[in-house]
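Heads up, the thing below is written out as structure tokens.
Read-outs throughout are calculated quantities, based only on the coordinates presented, and are distinct from any laboratory measurement. These numbers were taken from a predicted model, which means no experiment stands behind them. Glycine also receives a Cβ, built like all others from the backbone with ideal geometry; neighbour counts cover every protein chain displayed.
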Amino acid sequence: MTTPDSIPQYRHWDDIPVPTLLTRTQHGDLDLPRVPAANPSARVTGTDLRGKPATYDLYDARNSTPSKSGPGRLLAMDQAVHTCEDCGARTERPAAVRHGQTRRLCPACALVDAIVTAQGRARVERAAQTAWAREVMADPRSVWVHVDHARRTRTATGRLRACPAVTVTAADHAGLPVLRTIVRLVAAGNTEVPPNAVDQATAAALITERLGGRRVIMWDAFQTEALTCLAPIDVDGRDRLDTRLPSWRGLVDTTGARVWTCLPPDRADRLLVATARMADTTDADTEHREWLNSGRGATVVDITGGDDDTHRIATILRAVGVLVDHTDTEPTRVPDAGGLVRLRVLCHRDGIGGPPTR
Ligand SMILES: [Zn+2]
């Protein structure tokens, strides 16, 4: 006989390893109710109906016996409780209405429902990340920056030496290098420092010159800190990819949970590639991308067409940030053109200027 102290103790309902371990109440809730054997086989800590911690005895249903209920009473039982509202499975234990769900579902349908719901949310979030990436790709100030730390070596006694140098690389919209510099972090003459490394003061001046005033896109807070330690560069925490990239990937695992991590791109040009993919502009050719980054200023553009169409085009241009703010959008009628109107608008020459809020 098993003594109460020697039986397995589970700390959560999810930890119970086999489906045949049920409480006394769960035995009674079977569609063919049963009565458990006298001694519990295990114990679980859960919460009672009021949410307070409680310990429940678990009995192995394989050792149970049929309850005293007769056929008449069993046949009168409402079978809806034991029917999955999706696949129609007739479940032995009651089909549960789980948290966040509105229907009574079998375990498989509950899992499918959780996965589909999570994937739906992921799609919405992906759209938000795409909007951010398009804004960044369209911003002529954008630059993608990566700081690579040189490997730290150990002394003969096993002590970890200081990081000898970092390499800062930055790429523009076309993936072309804006900056590549190796910065010495230890004393001059240290043999671990690459020969072409510059000192921190030189690096600070160079980084400020190339990246100052630009919109810096980096991987995570550690990367940002590594850069801002070297030079007083302003980096907006919202322009980091470590949460945005997994959010855009929108992966849901086989339990219906969102996957919130992924490998870092680890290079400036790969940060750009990730952003371009998120923006869904990978088919834009190099010329298009260069246009986004050159020819600053504004230019007058005439839109000619039907009244509704010209208004519509101007509205779209304004929405995506192409129109210079306060552009007068009153149309004028084109003489002898069958009712066509002309809308004269002022557009940013360097692609999209970005929303006026930034
Ligand atoms: Zn089902």
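Largest first, please: the extent of the C-alpha atoms of segment 35-118 along each principal axis, to the nearest Å.
Taking the Cα atoms of segment 35-118, the three principal extents are 43, 37, 24 Å.
Can you give me the angle between helix 307-319 and the longest principal axis of the chain, using Cα atoms only, in degrees from 0 to 90, rounded to the nearest 10?
80
Cβ neighbours within 10 Å, averaged per peptide: list 334-343, 131-140, 146-155 in order, most packed at the top.
Descending mean neighbour count gives 131-140, 146-155, 334-343.
Expressed as an acute angle from 0 to 90° and rounded to the nearest 10, what is the orientation of the C-alpha long axis of helix 107-138 relative to the principal long axis of the chain?
That helix lies at roughly 10 degrees to the long axis.
For segment 298-348, what Kirkwood radius comes out of the mean inverse Cα-Cα distance, in Å?
When all Cα pairs of segment 298-348 are included, the Kirkwood radius is 10.9 Å.
Got a sec? Charge dipole of the chain, +1 on Cβ for Lys and Arg, -1 for Asp and Glu; which of 203, 56, 165 is way out at the positive end?
Toward the positive end, the furthest listed residue is 56.
Looking at the square roots a ≥ b ≥ c of the eigenvalues of the Cα gyration tensor of segment 95-232, which shape do they give, rounded for a/c under 1.5, prolate if a/b is larger than b/c, or oblate?
Oblate shape, in that a/c is at least 1.5 and b/c is the bigger or equal ratio.
If we sort 28-34, 169-175 on the protection proxy, mean other Cβ atoms within 10 Å, highest first, what's the order? Walk me through the numbers before you get to the answer.
Values: 28-34: 15.9, 169-175: 21.1.
The densest-packed peptide leads the list: 169-175, 28-34.
Residues of segment 76-90 with backbone nitrogen within less than 14 Å of a virtual label 7 Å along the Cα-to-Cβ line of residue 35, please, listed as ranges.
none
Using the Kirkwood radius built from alpha carbon pairs, what does the Stokes-Einstein equation give as D for segment 61-159 at 4 °C and 1.567 mPa s, in µm² per second?
Details: Rh = 20.0 Å.
Here the translational diffusion coefficient equals 65 µm²/s.
Once you sort the root eigenvalues of the Cα gyration tensor of segment 1-58 as a ≥ b ≥ c, which label holds: rounded (a/c under 1.5), prolate (a/b larger than b/c) or oblate (the other case)?
Judged from the Cα gyration tensor, segment 1-58 comes out oblate (a/c at least 1.5, b/c at or above a/b).
For segment 45-94, rounded, prolate or oblate, judged on the Cα gyration tensor with a ≥ b ≥ c (square roots of eigenvalues), a/c < 1.5 rounded, else prolate if a/b > b/c?
In terms of gyration-tensor shape, oblate.
Obtain the radius of gyration and the Kirkwood radius of the chain from its C-alpha atoms and give Rg over Rh. Intermediate results must be reported in sequence, preceding the final value.
On the way: Rg = 32.4 Å, Rh = 27.0 Å.
Rg/Rh: 1.20.
Using a simple charge model, +1 on the beta-carbon of Lys and Arg, -1 on the beta-carbon of Asp and Glu, nothing else, what dipole does segment 298-348 show about its Cα centre, in debye to the nearest 20?
Values: 5 positive and 8 negative charges, 19 e Å.
Computed about the Cα centre, the dipole is about 100 debye.
Where does helix 200-211 land angle-wise versus the long Cα axis of the chain, in degrees 0 to 90, nearest 10?
Once rounded, one gets 90 degrees.
Take peptides 207-220, 83-96 and line them up by average Cβ neighbours within 10 Å, highest first, as a rough protection proxy.
In descending order of packing, they fall as 207-220, 83-96.
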